[in-house]
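Input: a single structure, listed below in structure tokens.
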Number of protein chains: 2
Amino acid sequence: MPDNEEKEQPRRRQARGERRIAQLLDAAATVFTTTGYTAASTNAIAREAGVSPGTLYQFFPNKEAIAIELGGRLVHEMQTAYGEALAPIDPATPLEEAVGAAVDRFIAFNCQHPVFFALMHGPDIPGRLTEEHDALHVALVGRVEGLLSSILPEAPAADIKRTAQMVLGIYMAGLELILAHEGAERDAYIREVKTALTRYLDPLVGDRLGRSGLTTTP
Amino acid sequence: MPDNEEKEQPRRRQARGERRIAQLLDAAATVFTTTGYTAASTNAIAREAGVSPGTLYQFFPNKEAIAIELGGRLVHEMQTAYGEALAPIDPATPLEEAVGAAVDRFIAFNCQHPVFFALMHGPDIPGRLTEEHDALHVALVGRVEGLLSSILPEAPAADIKRTAQMVLGIYMAGLELILAHEGAERDAYIREVKTALTRYLDPLVGDRLGRSGLTTTP
DNA sequence: GACAAACACGAGCGGTCGCTCGCATTCTGG
DNA sequence: CCAGAATGCGAGCGACCGCTCGTGTTTGTC
């Protein structure tokens, strides 16, 4: 069977259809952000997009598929974002700068796409999306682990893993505070998150670089 | 109308009724923990408690009231718990001990009552319960603020507030990790949370106690 | 212009959920 | 012991939600 071009794609989208899809995803983003996934009704999404429920179901087989598609696009964008944010391991740059740059990237992304936080942190997200979120999470943890173990090659893997998880946890907690504030106060919280992460990590990298760490009772 | 004893209390509970209420609240706790508030159905709670839906509604006017009552009791217990955990400001004890003791208290509470975390962190909690949660949160932040400002009397109130919020945020993030693990790994995460909090706060109190803080470029 | 496919509509189907109501059973006070 | 309150039951009501389907309109192709 050499010429079944795709597994299933008897649908030739027109330009109008692509526009509708984007329209519906935008509407879904706002509805999901305000009410969460479960409480969001497909009729409400269609209404927000200015179309009928039937129209919505011409482009998405069910409610979950909307979240999947939306989440998928966000994850894709996120991957490029954190690829730029965490990829280059530059041992020469001081910790504060590295942390600051990474945090700034992620903050910018989450401020541009508030749905992301809402979709990925609700306890009511559909199964398929949970997998994507978990995959993204372990990818992020893996990246941080890679950075940490390149700086601390002698540390046990389990310790590295815990530290990476804590780093992400601290960042997430800070992100919630950051998104809850605006203007100058938001900037202050951004600085505070960077401070917290730097203080948490400084004793680790400080030891290696021969700086004065917080090692007690030498 | 001088003798309307209470606003509304024509209901004289029997011992059996009190037992049923406790039974229903226990059932609600398990259902809420496993499925969250919105997804939890009153019929499921009644089934879990081994009673009929009608019986449930003899003791609670609606689904929200169940969560309210359950949340109220938890908040009450929580208040005594954090009263013991954060009340005594002992400037002599080292930071690590103080943080460690406080964290241990809260961890113990949350491990005994996993509903608390589920109810207070779902995006779908009913309005009245959100108020209780917010009240508890500002109370906790206030306590931490009090502790911090007693140690750092010269620090601006806004900075103290942000630090207190970050402390709670780091703890909450750690709590999620702690609850997600068991046994030795859980203990390791408990230690990690204490480490993170200590490192975050040490430069602040370290300055005051004349220890070597992380103050850069003096 | 003709024809098919893609697009759009919205009433409504099946199902679930919160909650009610009529009635049976058990407890309590006099 | 008995009247009445408290407790218990469970079928089912009304509302909403995800989703469908028959029908009509627009778009691309020849």
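State the number of residues belonging to the range A:114-162 that are touching a residue at least 60 places away in the same chain (Cβ under 8 Å) and outside any helix (DSSP H, G or I).
Looking only at that region, the number is 4.
If residue B:44 passes every condition in (1) without any contact (Cβ under 8 Å) to a residue 12 or more places away in the chain; (2) more than 25 Å from residue B:175 (Cβ to Cβ); (3) more than 14 Å from every other protein chain (Cβ to nearest Cβ) but one, which one does it miss?
(1)
Being in the same structural domain as residue A:82 (by TED's automatic domain parsing), modelled with pLDDT of 80 or more and surrounded by fewer than 16 Cβ atoms within 10 Å (Cβ to Cβ), is that true of even one residue in the range A:195-218?
No, there is no match, as no residue in the range A:195-218 is in the same structural domain as residue A:82 (by TED's automatic domain parsing), modelled with pLDDT of 80 or more and surrounded by fewer than 16 Cβ atoms within 10 Å (Cβ to Cβ).
Give all pairs with beta carbons closer than 6 Å in which a residue from the range B:191-215 that is among the hydroxyl-bearing types (Ser, Thr, Tyr) meets a residue that is modelled with pLDDT of 50 or more; count only pairs at least 6 apart in sequence or on separate chains.
B:198/B:95; B:198/B:96; B:198/B:99; B:200/A:196; B:200/A:199
Anything in the range A:13-40 that is within 11 Å of DNA strand C (Cβ to nearest atom) and open to solvent by 50 Å² or more (accessible area, probe 1.4 Å)? List them, or say none.
The answer is A:13, A:14, A:15, A:16, A:18, A:19, A:20, A:23, A:38.
Go through the residues of the range A:64-87 one by one and say whether even a single one is at pLDDT below 95, within 14 Å of another protein chain (Cβ to nearest Cβ) and away from DNA strand C (no atom under 15 Å from the Cβ).
Checked the range A:64-87: no residue is at pLDDT below 95, within 14 Å of another protein chain (Cβ to nearest Cβ) and away from DNA strand C (no atom under 15 Å from the Cβ).
Please go through the range A:147-163 and give me each residue that is of a type in the set (A, V, I, L, M, F, W, C) and closer than 16 Å to residue B:178 by Cβ, ordered by number. Step through it out loud before you land on a result.
At the first step, the residues of the range A:147-163 found to be of a type in the set (A, V, I, L, M, F, W, C) are A:147-148, A:151-152, A:155, A:157-158, A:160.
Correct list: A:158 only.
What number goes with the only condition from (1) of a type outside the set (Gly, Ala, Ser); (2) under 19 Å from residue B:169 (Cα atoms); (3) surrounded by fewer than 18 Cβ atoms within 10 Å (Cβ to Cβ) that residue A:152 does not pass?
Among (1) of a type outside the set (Gly, Ala, Ser); (2) under 19 Å from residue B:169 (Cα atoms); (3) surrounded by fewer than 18 Cβ atoms within 10 Å (Cβ to Cβ), residue A:152 violates only (2).
Just for the range A:100-129: of the residues that are over 28 Å from residue A:200 (Cβ atoms) and of a type outside the set (D, E, K, R), which one is surrounded by the fewest Cβ atoms within 10 Å (Cβ to Cβ)? Outline the logic, then answer.
The initial filter retains those residues of the range A:100-129 that are over 28 Å from residue A:200 (Cβ atoms), namely A:115, A:124-129.
After this cut, where a residue has to be of a type outside the set (D, E, K, R) as well, the list is A:115, A:125-127, A:129.
On the way: A:115: 22, A:125: 21, A:126: 19, A:127: 7, A:129: 20.
Among them, the one singled out is A:127.
Within the range B:159-166, can one find any residue that is open to solvent by 60 Å² or more (accessible area, probe 1.4 Å), within 13 Å of chain A (Cβ to nearest Cβ) and of a type in the set (A, V, I, L, M, F, W, C)?
Taking the range B:159-166 and keeping what is open to solvent by 60 Å² or more (accessible area, probe 1.4 Å), we get B:159, B:161.
Okay, now just the ones that are also within 13 Å of chain A (Cβ to nearest Cβ), so B:159, B:161.
Pick out the ones that are also of a type in the set (A, V, I, L, M, F, W, C) and you get none.
Within the range B:159-166, none of the residues are open to solvent by 60 Å² or more (accessible area, probe 1.4 Å), within 13 Å of chain A (Cβ to nearest Cβ) and of a type in the set (A, V, I, L, M, F, W, C).
Would you point out the residue of the range B:29-76, among those that are hydroxyl-bearing (Ser, Thr, Tyr) and more than 8 Å from DNA strand D (Cβ to nearest atom), that is nearest to residue B:17 (Cα to Cα)?
Among them, the one singled out is B:42.
Could you please give the count of residues in the range B:45-65 that are within 17 Å of residue B:126 (Cβ to Cβ) and among the hydrophobic types (A, V, I, L, M, F, W, C)? Quick ask: steps written out before the conclusion?
Taking the range B:45-65 as the starting set, the residues that turn out to be within 17 Å of residue B:126 (Cβ to Cβ) are B:45, B:56-57, B:60-65.
From what's left, among the hydrophobic types (A, V, I, L, M, F, W, C): B:45, B:56, B:60, B:65.
Going through the range B:45-65 one residue at a time, the tally reaches 4.
The values are calculated or read from the model by the stated rules, or taken from the named source; none is laboratory data. Every value quoted in this text rests on a predicted model; they were computed, and no experiment measured them. Glycine also receives a Cβ, built like all others from the backbone with ideal geometry; neighbour counts cover every protein chain displayed. Side chains included, ligands, DNA and RNA excluded: accessible areas come from the protein's heavy atoms. Shrake-Rupley method; radii C 1.70, N 1.55, O 1.52, S 1.80 Å.
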